Amino acid sequence: RKDGSRFWANVVITAVHDESGLLRGFAKVTRDMTERRRMESLESDNKQMSQFVAMLAHELRNPLAPILMAASAARLQSHDAEKAAWALGIIERQARHLSRLVDDLLDVSRISRGDVRLEQRRMRLADAIERAVETMLPAFEQRGQTLDVQFRADPIVRGDVVRLSQVVANLLGNASKYSAAGARVELVLESDGTSANVSVTDNGMGIDPMVLPYIFELFTQDRQNIDRAKGGLGLGLPIARRIVELHEGRLMGQSAGPGCGSRFEFVLPALDVADTDDGLTVLVVDDNVDAAQILREVVEMCGHRPVTAYDGEVALALARSEQPDVALLDIGLPGMNGYELARALRSEPGLEGMTLVAISGYATAEDRKRSADAGFDVHLAKPLALDALLAAVPALRPAAKAGVA
């Protein structure tokens, strides 16, 4: 347009000749197609949404049917403990499946709103892979499939271990789902020093070349047969790609076609040695000086940099200046207690991604709920065991300096 804005147009150019056949110029007719394109887009969106709603109804009914039947069976067989337990097992498995569907829907909603919160910190990418493998291994074993995991490097990245394990679990889940029983899937972690690469390769059903360009779009699935034997909402790959992009990485997929298997790979920036020598910055807060000092020593032995405070006010000031990655907070602090300190830290700009760990002599369900409400990520009971701390916060594990994991 004259104002410099662009619009969808249909343009017809016709040559204009005089009576002798000499070309005199061209006539051009331009039609503004913006409104038509908008209507076509709306129709396409409506069609896609209708298909998705039908697919969602189908996927929700799948687990609901056995849940209802198993509940009836449990009621009828309440006198038979073995059969009742069998029915309850079905209900539990199908309820977990429903929970995964709901999680995917919530994730895609957050992504659409740009409301995905990442808790990024320095971490071994291998930690995310190990968590995902632990989650998905039962599915591989159930189908008699082989999962070959190769750690050819041990890169350090800045990431959210939960979200990155979600990406890996999604890729492994798809590889298992779209491969035959007894198939082999290979997961490889590599690094060239500047980037970390994770690839998942299977020899399964592959992807149609016509579908391949759209696999990262919402609600897209290959081979949408009426029986939908593979199931799913087609949300996993779009969610995975967005999570990787939020980590400043790239997720790619390739396949030679149906029956030729698939390969998915994501690449993240790797931190160099200079970035990782000092490990994490860990804020240790405890009014018991001996307890604070021993925890400080443990943090140092794990290769991280501790900063210590003995009350909430000093801890808050230290957090503002040091920008810690992790905070280990005693709850029973004088003056500003641990809950109040956690709320204050959560409201500080720049500290949104910090992991908050509550350390308390009280560990009932109510205590844990109170910690979560205050903004803590983890609640650990006193006396604090090192293995419990490292299991709850994998980023604190001593980072490998070189070599293969």
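Residues that are among the charged types (D, E, K, R) and modelled with pLDDT of 90 or more were ranked within segment 131-147; the one that is surrounded by the most Cβ atoms within 10 Å (Cβ to Cβ) is Arg143. Being in contact (Cβ under 8 Å) with a residue 24 or more places away in the chain and part of a strand (DSSP E or B) is the requirement here; does Leu329 meet it? In short, yes.
Here Ser347 meets the list (1) loosely packed, with under 14 Cβ neighbours inside 10 Å; (2) closer than 23 Å to Ala385 by Cβ; (3) of a type in the set (Ser, Thr, Tyr) almost entirely, failing just condition (2). Scanning segment 58-80 for residues that are modelled with pLDDT of 70 or more and either open to solvent by 80 Å² or more (accessible area, probe 1.4 Å) or of a type in the set (Lys, Arg) (or both), we see that the one that is nearest to Glu217 (Cα to Cα) is Leu68.
Listed by position, the strands (runs of 3 or more DSSP E) inside segment 232-322 whose residues that are under 30 Å from Asn170 (Cα atoms) number at least 1 are 250-254, 262-269. For Leu125, the stated conditions do not hold, so it cannot be described as aliphatic (A, V, I, L, M), over 29 Å from Pro324 (Cβ atoms) and buried (at least 16 other Cβ atoms within 10 Å of the Cβ). The set of residues in segment 236-275 that are buried (at least 21 other Cβ atoms within 10 Å of the Cβ), closer than 23 Å to Arg121 by Cα and at pLDDT below 85 contains only Ile239.
The residues in segment 2-34 that are touching a Phe, Trp or Tyr at 6+ places or on another chain (Cβ under 8 Å) and among the polar types (S, T, N, Q) can be counted, and the count is 2. Of the residues making up segment 309-344, not one is β-branched (Val, Ile, Thr), within 15 Å of Ile359 (Cβ to Cβ) and open to solvent by 30 Å² or more (accessible area, probe 1.4 Å).
Answer yes if at least one residue in segment 361-370 is open to solvent by 20 Å² or more (accessible area, probe 1.4 Å) and in contact (Cβ under 8 Å) with a residue 40 or more places away in the chain, and no otherwise. Scanning segment 361-370 turns up no residue that is open to solvent by 20 Å² or more (accessible area, probe 1.4 Å) and in contact (Cβ under 8 Å) with a residue 40 or more places away in the chain.
The values are calculated or read from the model by the stated rules, or taken from the named source; none is laboratory data. Keep in mind that this is a model prediction, so the values were computed, not measured. As a convention, Cβ positions derive from the backbone with ideal geometry for all residues, glycine included, and neighbour counts pool all protein chains shown. What goes into the accessible areas is simple: the full protein's heavy atoms, side chains included, and nothing from ligands, DNA or RNA. Shrake-Rupley method; radii C 1.70, N 1.55, O 1.52, S 1.80 Å.
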